[in-house]
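Below is one structure, written out as structure tokens; comments come after it.
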Amino acid sequence: MFPDSGVPPSDAKNSLPDVTTNNCDELWYSTSRCEPRFDPAAANAMLAEDMNLIMRGEVVYQCDKLDKIERAVRYIDQRGMARGAIAYGGPTAYTMTLDPVMTRHNNYMTLVVIPATTNTGPVTLDGGVGAAYVLRWDGQHLVAGDWIAGVPFIISFYSGYWYVMRAVSSQILKPMTGNIDGWIRTDGNDSTGDGTANTPQKAFRTIQGAWNAINARAMLPSTVFSINLRLGIPGTYEPATIGPHGGQVVLWGDSNAPQNYVITQSAALKAGIFANGVKFQANGVTFEITYAPAYSYGIASVNGSSVNVSNCNFTCQVTGVVGAFIISSYGSSVTLGGQILMRGNGNYLANCIQLDRNSQLNGAYPPSGNVIDITNTNFGTFIHCGGVSVAQFELANLWSTNCVGSKYDVVENSIIKALGFQLPGNGPGTSATGGQFIP
């Protein structure tokens, strides 16, 4: 392309003024000479550049046509030759090689990438100039299964991140076509487990980890099918917040041996299960109170939750608890079924059952097998019922041994229906501000 006697731009019409020629001779042909010169070597270089472009576009040159460069450019663009790559590696850190090679991350750069493996968590992609995270188009990290092996994804770069330019799996609501089981074990792993089997390799480690992962799958809640959180081995499990969720979530331990599956508390969450706006069932577990400050509970049903507790134990391991074994508040309900054991171990807690703010306590129907057995517990009141709430003891039996405290406290237009049972406690109950106790 460079003539042997090339001249600078000032001596050549129709030239560009500031072209970098990488220390080569002057690029331009003179238009100020009396006898312009033609340089065959330079012309051949230009033809070679043109032919390389034509061949790269997989176009066959024809001497009677003048559209081959234009056609080659359109074919290169159409076929995405410079904009696509396989993303190798994974399942979280991927690499790719573009043709031509990538020189830098550039805002608005848009590529088509095909992952070689399906991801298991947040994704980084390195095109040879450093790794950058690949995000969903809402700016959140990809979750397991969002980048699917063998499937093309369009990604665009902006301000340090690649963005997938369509909704990925975790953003698409999918209908539940059956019950979903999530296995949980104390020797499981929240990062690598998927809950599909009762093994250390597949199970989640915590109830919270299992709920978070399953809930992140963006499923349409079902009125027919349940999300089953299954405790795979005996042990002590960390507390969890479940919900909000429009469907049913069930926690399974062992109804014949609930003492083997203990749900404890933590400094951050002083309720074994905090059910928030969800239809929730607990079967065959023990809720253990280990923190004495205010708002400490075995199980909490709040914000419109409907909680069913069946064949579960409640124990208190500390004294001075300003809380309760069970609380239902903010328009929620708790239904007790099967055998419910409450063991205070001589410790004090403000209430065994607490209802506030338009909430309910019921017994499962039919009540023939429903039993509450409370032993060795000191409390302010066995049941507090306030804020236009209702408690009904639809049970087969209500047993108590060595319980110290007031039987009930019903206030603020609330109702307690004992249905003939003597409530636990050695002191009389109290009613005030429109509260009613119906023996």
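Just so it is clear, none of the values below were taken in a lab; they were calculated from the coordinates. The shown structure was predicted, so the numbers you read here are calculated from the model rather than taken from an experiment. FYI the Cβ positions are ideal-geometry reconstructions off the backbone, even for glycines, and counts take in every protein chain you see.
Within straight-line reach of residue 65, meaning a Cα separation under 20 Å, sit the following aspartates and glutamates at least 8 residues removed in sequence or on another chain: 49, 50.
Considering only DSSP beta bridges where both residues belong to the chain, give the percentage that are antiparallel (nearest 5). Around 15 percent antiparallel, to the nearest 5. Build a GNM of the chain with springs between Cα atoms under 10 Å: which of 56, 185, 205 gets the top mean-square fluctuation? Among 56, 185, 205, the largest GNM mean-square fluctuation belongs to 56. Remark: C-alpha extents of the chain on the principal axes read 123, 41, 34 Å, sorted largest to smallest.
Listed by chain and number, the lysines whose alpha-carbon sits under 21 Å from that of residue 270, ignoring those within fewer than 8 places in the same chain, are 279. Most fluctuating residue of 295, 75, 237 in a GNM of the chain with Cα springs under 10 Å: which is it? Top of the fluctuation ranking is 75.
Taking every DSSP beta bridge that has both ends in the range 84-169, the antiparallel portion is near 60%. Here the range 84-169 is described by how far its Cα atoms reach on the three principal axes: 30, 24, 18 Å, from widest to narrowest. Could you pull out every one of the lysines with an alpha carbon less than 20 Å from that of residue 202, ignoring same-chain neighbours closer than 8 positions? Cα-Cα hits under 20 Å: none found. Quick check: from the Cα gyration tensor, does the range 1-51 come out rounded (a/c under 1.5), prolate or oblate? Note, shape of the range 1-51 comes out oblate.
Per residue, the convex hull around the alpha carbon atoms of the range 234-438 comes to 99 Å³. Close amide-amide hydrogen proximity is noted between residue 408 and 382, 383, 429, 430, each under 5 Å apart and 5 or more residues distant or on a separate chain (H modeled in the peptide plane; Pro and chain starts excluded). Loop-resident trypsin sites (Lys or Arg not before Pro) (DSSP state other than H, G, I, E or B) in the range 97-177 with no more than 13 further Cβ atoms inside 10 Å of their Cβ: 104, 166. Could you please report the charge total around residue 265, scoring K, R as +1 and D, E as -1 over all other residues with beta-carbon less than 10 angstrom from its beta-carbon? That works out to -1. Around the amide H of residue 415, modelled in the peptide plane, lie the amide H atoms of 389, 390, 391, 436, all under 5 Å away and 5 or more residues distant in sequence or on another chain.
When both the range 1-26 and the range 126-200 are represented by their alpha-carbon centers, they are found 53 Å apart. Just checking the listed ones, 122, 366, 200: in the Gaussian network model of the chain with Cα springs under 10 Å, the one fluctuating most is 366.
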